[in-house]
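Structure first, commentary second.
The values are calculated or read from the model by the stated rules, or taken from the named source; none is laboratory data. Remember, it's a predicted structure, so these values are computed and weren't measured experimentally. All Cβ positions, glycine included, derive from the backbone under ideal geometry; neighbour counts span all protein chains shown.
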Amino acid sequence: MTQPQPPGFLRRFLKRAGSTLLVIAALGLGNLLITFTPDVDTSERPFLRSGEQGEVVDARTFKLTLLKTRTAAVVTSEGVQHETQGYWVLLRIRVETVGEPHTIGWAALFDSKGRSFRASDRVKQPLVDGSRMLQPGIAVEAEAVFEVPRDADGFTARFGASRFDQTMQAIPDITVPLGEGVWLDRDAVTPDALVVMP
Amino acid sequence: MARISGVGTRAVGHVAGLTVQRWGLIAGAVVLAVSGLFGGLKEAEVPPTQPGKEVDGGSWKVTVHEAVLAGETKPAFLTKGNHFLIVTATVEITTEETWTLMRNVLMLANTPGVKGQTYNLLGYSDNVHQPDEVVLLRGRTKIGQLHPGMPEKVAFFWELEPGSPTPAEAKVLVIAHEYRADSLTARVTWMQDGAKTTEVAVPVTDKRPGAGL
């Protein structure tokens, strides 16, 4: 005894509608996967290691401590006075590499508006421009100098070994303790030179 | 008269009876014929911008001020016998981060005698050169970067070889960038967009020999 079959045109319709529904379902599933899969920039973002001034922050290949923070209207470097339309932020940092020699090639201040300001190339900064090779176990101190606009505040300072690529790297992210209403040193300030610490 | 009227009526009837596809074909043929008469469907050439006008390059806003021919002008140094073509401009970085490729802001096109290799600017066929040096006029220091939120007056230096003709006008290109995903790495970043390059025609003042700026 055979089951009654729907008419031929209905069978054809259901067959085609089923294929169409499967295609729509596959497209919808693909769209969901794309929507909820993080993009390359998110999935390969740096691993930020938060810290405060005075705290040793471990960035796996180096340890970094923010020792002192100050601001200035004018910075002197190699006998030249550098004025700015914004202001200078000077961070005295101590760095010690772990395991093998490294350089620090990238340093930037991130402000509360989401902007980032790389360490200035108007003054010579061998500690954070990648030109000073650091040896493991030998701590080095210097002041990193940043030029920022007047309306920038709420900074954190980040440092990385590579000048160009911070993806999936451990990056210290240290709160810079500048209160509201930055006080500027009107005298020209000379950044602390690089010194090797005992 | 009646015969002409009969032909006209048939023609009107024939036209009225054309299908949409036929109308589309006819419209396409007319467009091709008319555009062919006026040089085809190539993009209309945009006339160069004048100095003093702000140009939006996507990643920056640039106002070109002037161009001078000058001798050695510190902090840039010349090969003996050469001279500089110096273009000054106000540059404001509009990205959220420090821009570190300052030699990609302005380029020089179609200027004979420029020292160094030409630059391959995508979407642009002219003979293009990057500047040799970029100098921040505040403090006269060479720079490789500018920060967001701080527009600065900057000088761009190109070194010209001896005997090169004195240009009456410099064809300065404000390079444009677009914030989009890189088709190779899928990273979202600022990508050069040669098709949106803006040309600025800048009269050149000869200030050789001397300090220039």
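Among the residues of the range A:20-68, those that are small (G, A, S) and more than 14 Å from chain B (Cβ to nearest Cβ) comprise A:A25, A:A26, A:G28, A:G30, A:S50, A:G51, A:G54, A:A59. Out of everything in the range A:131-148 that is without any contact (Cβ under 8 Å) to a residue 40 or more places away in the chain and in contact with a strand residue (DSSP E or B) (Cβ under 8 Å, 6 or more places away or on another chain), what residue ends up being farthest from the other protein chains (Cβ to nearest Cβ)? The qualifying residue farthest from the other protein chains (Cβ to nearest Cβ) is A:Q135. Of everything in the range B:137-162 that is assigned to a strand (DSSP E or B) and more than 10 Å from chain A (Cβ to nearest Cβ), the residue that is surrounded by the fewest Cβ atoms within 10 Å (Cβ to Cβ) is B:K153. Hey, can you tell me all the residues within the range B:163-175 that are hydrophobic (A, V, I, L, M, F, W, C) and surrounded by fewer than 20 Cβ atoms within 10 Å (Cβ to Cβ)? Correct list: B:A168 only.
Within the range A:149-165, the set of residues being within 14 Å of chain B (Cβ to nearest Cβ), part of a loop (DSSP other than H, G, I, E, B) and surrounded by 21 or more Cβ atoms within 10 Å (Cβ to Cβ) comprises A:A152, A:F155. Scanning the range B:185-203 for residues that are touching a Gly at 6+ places or on another chain (Cβ under 8 Å) and either surrounded by 19 or more Cβ atoms within 10 Å (Cβ to Cβ) or of a type outside the set (V, I, T) (or both) yields a count of 6. Condition (residue is touching a residue at least 12 places away in the same chain (Cβ under 8 Å) and among the aromatic types (F, W, Y)) applied to the range B:64-83: is it met by at least one residue? No: the range B:64-83 contains no residue that is touching a residue at least 12 places away in the same chain (Cβ under 8 Å) and among the aromatic types (F, W, Y). Restricting the search to strands (runs of 3 or more DSSP E) fully inside the range A:69-124 and requiring at least 2 residues that are modelled with pLDDT under 95, at the interface with another protein chain (Cβ under 10 Å from one of its Cβ atoms) and more than 22 Å from A:P46 (Cβ to Cβ) gives A:80-97.
Figure legend. Inter-residue proximity from the range B:100-117: first residues without any contact (Cβ under 8 Å) to a residue 12 or more places away in the chain and under 13 Å from B:V202 (Cβ atoms), second residues assigned to a loop (DSSP other than H, G, I, E, B) and of a type in the set (V, I, T), beta-carbon distance below 9 Å, spacing 6+ or different chains. No pairs are indicated. Residue check: is A:E52 within 22 Å of the chain's Cα centre (by Cα), touching a residue at least 24 places away in the same chain (Cβ under 8 Å), within 24 Å of A:P149 (Cα to Cα) and loosely packed, with under 13 Cβ neighbours inside 10 Å? Considered against the rule, which asks whether it is within 22 Å of the chain's Cα centre (by Cα), touching a residue at least 24 places away in the same chain (Cβ under 8 Å), within 24 Å of A:P149 (Cα to Cα) and loosely packed, with under 13 Cβ neighbours inside 10 Å, A:E52 comes out as yes. Taken together, the residues in the range B:71-113 that are crowded, with 23+ Cβ neighbours inside 10 Å and away from every other protein chain (no Cβ under 14 Å) amount to 10.
Per this entry, A:A17 is not counted among residues that are in a strand (DSSP E or B), at pLDDT below 95, over 22 Å from A:Q169 (Cα atoms) and away from chain B (no Cβ under 11 Å).
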